[in-house]
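Trainee: If you scroll down you'll find the structure; I have some questions about it.
The values are calculated or read from the model by the stated rules, or taken from the named source; none is laboratory data. These numbers were taken from a predicted model, which means no experiment stands behind them. Quick reminder, even Gly has a Cβ in these numbers, built from the backbone with ideal geometry, and neighbours come from all protein chains shown. Note: accessible area is taken over every heavy atom of the protein model, side chains too, but ligands, DNA and RNA are not part of it. Shrake-Rupley method; radii C 1.70, N 1.55, O 1.52, S 1.80 Å.
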Amino acid sequence: SDTDRITTNKEIMKTTSLKMGSTCCAIFFLATNGYAQIDSIVTKASPFPTKESATRMVIPFPSTREADVMWAKRIWSFIDIRQKINQTLYYPHKPTNDRWALFDVIRYGLENDWITAYGLGPTQDDDEFRYPLNKAEVQVLLNPTVVRFRESLEDGTMEAFEQLEPVRAEDVVGYLIKEDWFFDKQRSSRQIRIIGLAPIVRVYAETGEIKGNRVLFWLYYPECRYLFAPIEVDFGHNTAAHVSFDQLFVMRRFSAQIVKEDNVYDRSIEDYAKGIDALLEAERIRQQLFELEHDLWSY
């Protein structure tokens, strides 16, 4: 009857409201406790309030329909943090009350289960986020046991020994970023979305000499945004510029060199160009992206 249907609908609406209320309370509880942890990184010894940084939320990107994307390109770039413009990601080597290097922030997020690290797969070159690492595997990467040699006190020969050598912020030489560049015809603008972020660290020989560089792991950047948003970057020219790591990446306040564009051969620039030719090829790709954006406009 109509009365039974009305009663049933009321019960369904009541149950749904209770579920939605419980979900909202859970989200609020997690957000409050999560940002309380981040607040421990933000300075409290300041003459002016800095609580805005600890409670800064992630600003979502505007939604884009697939039908509005008239052109897209996937680009891989290398951020060399030894460049002056990128040193805000490199320093300080030791965390202070209110400033951390990017790698120390990443380490904090991994050790507290805020973000997930993804392995490179059997071929050690996978960047598709298909191999999530557990906490034990992450600890092995962050705190590897290495073999070193020292002179024996008995006979003067070189003997091997193992020691734990945690990866430090100064061991990071740069970051590899994976991005999607596309043109949104609805807003008539080119958009860039960072998909992945990978720290590149030095590799040492058994004698302690630098042997080369390698990708440590991959991070899914949309997940990292919630960790990066409350933590400020150190801009030496203006301490009052409260810019977070997330804002730095979104506003692209860094310098990066293109190392790969998606292609039918799935090869990097270094696979077919070396030295100055690789730099010229990277510049050619960048100029092509620049000209394509302008060609899509009519004046």
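Trainee: How much length is gained if the chain between Glu66 and Leu279 is pulled fully straight, taking 0.36 nm per residue apart and subtracting their Cα-Cα distance, in nm to one decimal?
Mentor: Length gained, Glu66 through Leu279: 73.4 nm.
Trainee: Which value, in Å² and to the nearest 10, is the accessible area of Trp181 when all protein chains are kept and the probe is 1.4 Å?
Mentor: Spelled out: Trp181, probe radius 1.4 Å, area about 20 Å².
Trainee: When all protein chains stay in place, what accessible area (Å², nearest 10, 1.4 Å probe) is found for His242?
Mentor: For His242, the solvent-accessible surface is approximately 60 Å².
Trainee: Quick one: dipole size for region 197-286, taken about the Cα centre, charges +1 on Lys/Arg Cβ and -1 on Asp/Glu Cβ, in debye to the nearest 20.
Mentor: Using Cβ point charges on Lys, Arg, Asp and Glu, region 197-286 gives about 100 debye.
Trainee: Oh, and also: Please arrange Phe103, Phe182, Phe61 by accessible surface area, largest first, computed with a 1.4 Å probe and ligands excluded.
Mentor: From most accessible down to least: Phe61, Phe182, Phe103.
Trainee: Then there is this: So which chymotrypsin sites (Phe, Trp or Tyr not before Pro) in region 242-279 pass both tests, a DSSP loop state and at most 13 other Cβ atoms within 10 Å of the Cβ?
Mentor: Listed in order of number, the matching sites are Tyr265, Tyr272.
Trainee: Oh, and also: Counting only residues 5 or more places away or on other chains, whose amide H sits under 5 Å from the amide H of Trp71 once H atoms are built in the peptide plane?
Mentor: Phe183
Trainee: At a 1.4 Å probe radius, which order do Val250, Val173 fall into by accessible area, largest first?
Mentor: Details: Val250 65, Val173 0 Å².
These residues rank, largest area first, as Val250, Val173.
Trainee: About its Cα centre, what dipole magnitude does region 75-116 give when the only charges are +1 on Lys and Arg Cβ and -1 on Asp and Glu Cβ, stated in debye to the nearest 20?
Mentor: That gives region 75-116 a dipole magnitude of about 240 debye.
Trainee: Could you give the length gained on full extension between Ala160 and Ile59, defined as 0.36 nm per residue of separation minus the Cα-Cα distance, in nm?
Mentor: 31.2 nm
Trainee: What does a probe at Ile85 reach in region 252-286, counting residues whose amide N is under 14 Å from the point 7 Å along Cα→Cβ?
Mentor: 252-258, 283, 286
Trainee: Indicate the gyration tensor shape class of region 173-299 (rounded, prolate or oblate), computed on the Cα atoms with a ≥ b ≥ c the square roots of the eigenvalues: a/c under 1.5 is rounded; otherwise a/b larger than b/c is prolate and the rest oblate.
Mentor: oblate
Trainee: If you don't mind, there's one more thing I want to ask. Just how much of Met251 is accessible, in Å², when a 1.4 Å probe is used and the result is rounded to the nearest 10?
Mentor: Answer for Met251: close to 100 Å² accessible.
Trainee: Which of Ala240, Val264, Ala282 sits farthest toward the positive end of the charge dipole of region 219-296, with +1 on the Cβ of Lys and Arg and -1 on the Cβ of Asp and Glu?
Mentor: Highest projection toward the positive end goes to Ala240.
Trainee: Something else now. For region 197-282, which GluC sites (Glu not before Pro) are both in a DSSP coil and crowded by at most 13 other Cβ atoms within 10 Å?
Mentor: Taking region 197-282 and a limit of 13 other Cβ atoms within 10 Å, the loop GluC sites (Glu not before Pro) found are Glu206, Glu209.
Trainee: For Pro60, what is the net charge nearby, where nearby means another residue's Cβ is under 12 Å from its Cβ and Lys, Arg count +1, Asp, Glu -1?
Mentor: +1
Trainee: Follow-up. Can you pick out the pairs among Lys135/Lys274; Lys94/Lys178; Lys94/Lys211; Lys84/Lys274 whose Cα atoms lie more than 31 Å from each other? Display every interim value, and only then the final one.
Mentor: On the way: Lys135/Lys274 38 Å; Lys94/Lys178 28 Å; Lys94/Lys211 24 Å; Lys84/Lys274 24 Å.
Table pairs above 31 Å Cα-Cα are Lys135/Lys274.
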